1. Tell me, yes or no, whether segment 177-198 has at least one residue that is touching a residue at least 12 places away in the same chain (Cβ under 8 Å), assigned to a strand (DSSP E or B), surrounded by fewer than 20 Cβ atoms within 10 Å (Cβ to Cβ) and touching a strand residue (DSSP E or B) at 6+ places or on another chain (Cβ under 9 Å).
2. State all residues of segment 70-98 that are assigned to a helix (DSSP H, G or I) and either over 14 Å from the mean Cα position of the chain (by Cα) or surrounded by fewer than 21 Cβ atoms within 10 Å (Cβ to Cβ) (or both); if no residue qualifies, say none.
3. Taking the residues in segment 257-274 that are touching a residue at least 12 places away in the same chain (Cβ under 8 Å) and farther than 15 Å from residue 204 by Cβ as candidates, determine which candidate is surrounded by the most Cβ atoms within 10 Å (Cβ to Cβ).
4. Could you please find all residues in segment 28-59 being under 18 Å from the mean Cα position of the chain (by Cα) and either buried (at least 17 other Cβ atoms within 10 Å of the Cβ) or over 17 Å from residue 118 (Cα atoms) (or both)?
5. Is there a residue in segment 30-42 that is touching a residue at least 24 places away in the same chain (Cβ under 8 Å), assigned to a helix (DSSP H, G or I) and within 17 Å of residue 153 (Cβ to Cβ)?
6. May I ask you to list the residues in segment 260-269 that are in contact with a strand residue (DSSP E or B) (Cβ under 7 Å, 6 or more places away or on another chain) and either assigned to a helix (DSSP H, G or I) or over 13 Å from residue 97 (Cα atoms) (or both)?
7. Restricting to segment 162-176, and then to whatever is in contact with a helix residue (DSSP H, G or I) (Cβ under 9 Å, 6 or more places away or on another chain) and loosely packed, with under 15 Cβ neighbours inside 10 Å, can you tell me which residue is farthest from residue 272 (Cα to Cα)?
8. Among the residues of segment 99-118 satisfying the criterion of being part of a loop (DSSP other than H, G, I, E, B) and touching a residue at least 40 places away in the same chain (Cβ under 8 Å), which is surrounded by the fewest Cβ atoms within 10 Å (Cβ to Cβ)?
């Protein structure tokens, strides 16, 4: 008898409504990456109230917060992916780690555009599938920067509406999700290695759970494309950044008062940009 019981596995977080966003089949079964939010107003009302208005004008044809995806590239083809921290929930685009990294690279390189697959509440599974859909539709990028969420996330199924949703699972499911996450990441790693794509992965998760072992127990940390951030280094960086800009808003928390703010994004941008620099010398 299986121990996997839906009532025990689901552990909903009252701070977000994204679990109620149902995936349409045209999104899940598409061979092209398509946002689960067909239009700006499809975002939960709570999200719209707590986020900046400029997001509406920044959505591309596929409804990601990105330049329009394209097949022909003039310059370095760089791709970003992750969850709400890569999307930039609660922040202006130029305040996010992904856009900051893009600007750092563009100082010394011609870049084809700002391409970002970040999607709020998504799991590593969904993020990797979207990467492969992107490869299929728009070709392989030269570089991928991947800010990974915690590994409790996976699809769930809403039996009432017969729709898939993004869900958080409790600790009973973690070992199952560690294995699935490892397998998906291995496929991404091998594809990048075979196609000469530089992959730079890290996770924001230790700012929430400094002692978490998600990436150790899943063995994702053993890949040479994954870079561990240090919680104490982040604390020191944020403290010094706040001293440097004492009157600046949203350094600690973003406008939604839930996600971490600009100082953290500045740390992540510098952290992963330096890993990129190390790789080209």
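Bear in mind these aren't lab numbers, they're just calculated from the coordinates by the rules spelled out. Since the model is a prediction, treat every value here as computed from it, not as a measurement. Heads up, the Cβs are rebuilt from the backbone with ideal geometry, glycines too, and the neighbour counts pull from every protein chain shown.
1. Scanning segment 177-198 turns up at least one residue that is touching a residue at least 12 places away in the same chain (Cβ under 8 Å), assigned to a strand (DSSP E or B), surrounded by fewer than 20 Cβ atoms within 10 Å (Cβ to Cβ) and touching a strand residue (DSSP E or B) at 6+ places or on another chain (Cβ under 9 Å).
2. 93, 94, 95
3. In this case the residue turns out to be 273.
4. 33, 34, 35, 36, 37, 43, 47, 51, 55, 58
5. We begin by selecting, within segment 30-42, every residue touching a residue at least 24 places away in the same chain (Cβ under 8 Å); these are 30-39.
Checking which are assigned to a helix (DSSP H, G or I) leaves us with none.
No, segment 30-42 has no match at all.
6. Our first condition is that a residue be in contact with a strand residue (DSSP E or B) (Cβ under 7 Å, 6 or more places away or on another chain); within segment 260-269, this holds for 260-261, 268.
Of everything in segment 260-269, just one residue is in contact with a strand residue (DSSP E or B) (Cβ under 7 Å, 6 or more places away or on another chain) and either assigned to a helix (DSSP H, G or I) or over 13 Å from residue 97 (Cα atoms) (or both), namely 268.
7. The residue in question is 172.
8. Going through the qualifying residues, I end up with 112.
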